[in-house]
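Here is the structure we will look at.
The values are calculated or read from the model by the stated rules, or taken from the named source; none is laboratory data. Please read all numbers here as calculations on a predicted model, not as lab measurements. Neighbour counts are summed over all protein chains in view; Cβ atoms, including those assigned to glycine, are modelled from backbone coordinates with ideal geometry.
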Amino acid sequence: MKVKVGRKILDANEMYAEKNSNIFAKNKILCLNMISSPGSGKTTILTRTIEELKGEVKIGVIEGDIATELDARRIRRTGAPAVQINTEGACHLSAAQVNEAVRKMPVKKLDLIFIENVGNLICPTAFELGETGKIGVLSVAEGDDKPAKYPAIFAMAKAVLINKIDLLKIKAVDFDVEKVKRSIRRLNKRMAIFEVSAKTGEGFSNWSKWLVEQSRQLKDRSVKIII
């Protein structure tokens, strides 16, 4: 019986994920589902990314948190539209929640939508939201063993950001960047990896260029919409 209930939940999620995917395809929107542990710096990465790409890529954000609108308010201060989802205890966003949020966004005016998922390296990875791809974020403060301990997100992501690299320069943490890169590329040889500091802006040029290129490729591509 438990298996049947679980299957029903996943089937319903897949139905809404397909609806979301069709919305993104119809409007040629790049949608990236950002996944990480709490405190990795996702929201700071997003605010800086929005500022870096102003006038070039129109960005909207769907914020997922257990409670509060704190992160959505930070995004709105950049001038970008943001919709907050509070899961009230759930460790991940569902495709149905994202579908409701997308319908509140000015999709016809956007090139890129970020979904900032609930802080968790495990649950959000297993639930498809209809996104174009997943982005993994790992801060150097978390330790360099995370790709080995939580391989799914690092195997599935389109790109990984190694954040807070400014801490390495002052030797505030022990973190072997090359070890992490090797671990990630054992899981995904083609992974795009960006070393960034959301605080200082270091490394954001390459990340921004990658986003622009991904967005342009999507707009130039003929995408089949599933009815």
Review point. How many residues are outside any helix (DSSP H, G or I) and without any contact (Cβ under 8 Å) to a residue 40 or more places away in the chain when one looks only at the stretch 100-154?
Key: 7
Practice item. Filter the stretch 166-185 for residues that are surrounded by 14 or more Cβ atoms within 10 Å (Cβ to Cβ) and of a type in the set (D, E, K, R) and give the result. Key: Asp166, Asp176, Lys181, Arg185
Exercise for review: Might you check whether a residue that is crowded, with 20+ Cβ neighbours inside 10 Å and in a helix (DSSP H, G or I) occurs anywhere in the stretch 26-37?
Suggested key: no
**Study point:** Test: Ile85 is within 26 Å of Ser215 (Cβ to Cβ) and either touching a helix residue (DSSP H, G or I) at 6+ places or on another chain (Cβ under 6 Å) or assigned to a helix (DSSP H, G or I) (or both)
**Key:** yes
Check your understanding: Can you tell me which residue in the stretch 201-211 is farthest from Val137 (Cα to Cα), limited to those that are part of a helix (DSSP H, G or I) and of a type outside the set (S, T, N, Q)?
Key -> Lys209
Practice item. Tell me, yes or no, whether the stretch 215-225 has at least one residue that is without any contact (Cβ under 8 Å) to a residue 24 or more places away in the chain and of a type in the set (S, T, N, Q). Key: yes
Practice item. Run down Ile113, Ile162 and say which single residue is β-branched (Val, Ile, Thr) and farther than 20 Å from Lys54 by Cβ. Key: Ile162
Check your understanding: Would it be correct to say that Ala157 is surrounded by fewer than 17 Cβ atoms within 10 Å (Cβ to Cβ) and either touching a residue at least 12 places away in the same chain (Cβ under 8 Å) or of a type in the set (A, V, I, L, M) (or both)?
Key -> no
Study note, to complete from the structure: Per the list (1) surrounded by 18 or more Cβ atoms within 10 Å (Cβ to Cβ); (2) not in a loop (DSSP other than H, G, I, E, B), residue check on Ala198 breaks on (2)
Practice item. From Asp65, Asp11, grab the single residue that is modelled with pLDDT of 95 or more and under 24 Å from Cys123 (Cα atoms). Key: Asp65
Exercise for review: Residues being more than 23 Å from Ala126 (Cβ to Cβ) and either aromatic (Phe, Trp, Tyr) or in a helix (DSSP H, G or I) (or both): count how many of those fall in the stretch 38-62.
Suggested key: 7
Study note, to complete from the structure: Within the stretch 118-132, of all residues that are at pLDDT 95 or above and closer than 15 Å to Phe154 by Cβ, the one surrounded by the fewest Cβ atoms within 10 Å (Cβ to Cβ) is Ile122
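Rundown of residues vs (1) over 15 Å from Phe24 (Cα atoms); (2) surrounded by 22 or more Cβ atoms within 10 Å (Cβ to Cβ), yes/no style:
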residue: Ile45; (1), (2): yes, yes
residue: Gly60; (1), (2): no, yes
residue: Gly79; (1), (2): yes, no
residue: Ala82; (1), (2): yes, yes
residue: Asn86; (1), (2): yes, no
residue: Ala96; (1), (2): no, no
residue: Ala101; (1), (2): no, yes
residue: Asp111; (1), (2): no, no
Check your understanding: Any idea how many residues of the stretch 163-195 are among the hydrophobic types (A, V, I, L, M, F, W, C), part of a loop (DSSP other than H, G, I, E, B) and over 22 Å from the mean Cα position of the chain (by Cα)?
Key -> 4
Review point. So Arg73 clears everything in (1) surrounded by 20 or more Cβ atoms within 10 Å (Cβ to Cβ); (2) not in a loop (DSSP other than H, G, I, E, B) except one condition, right? Which one?
Key: (1)
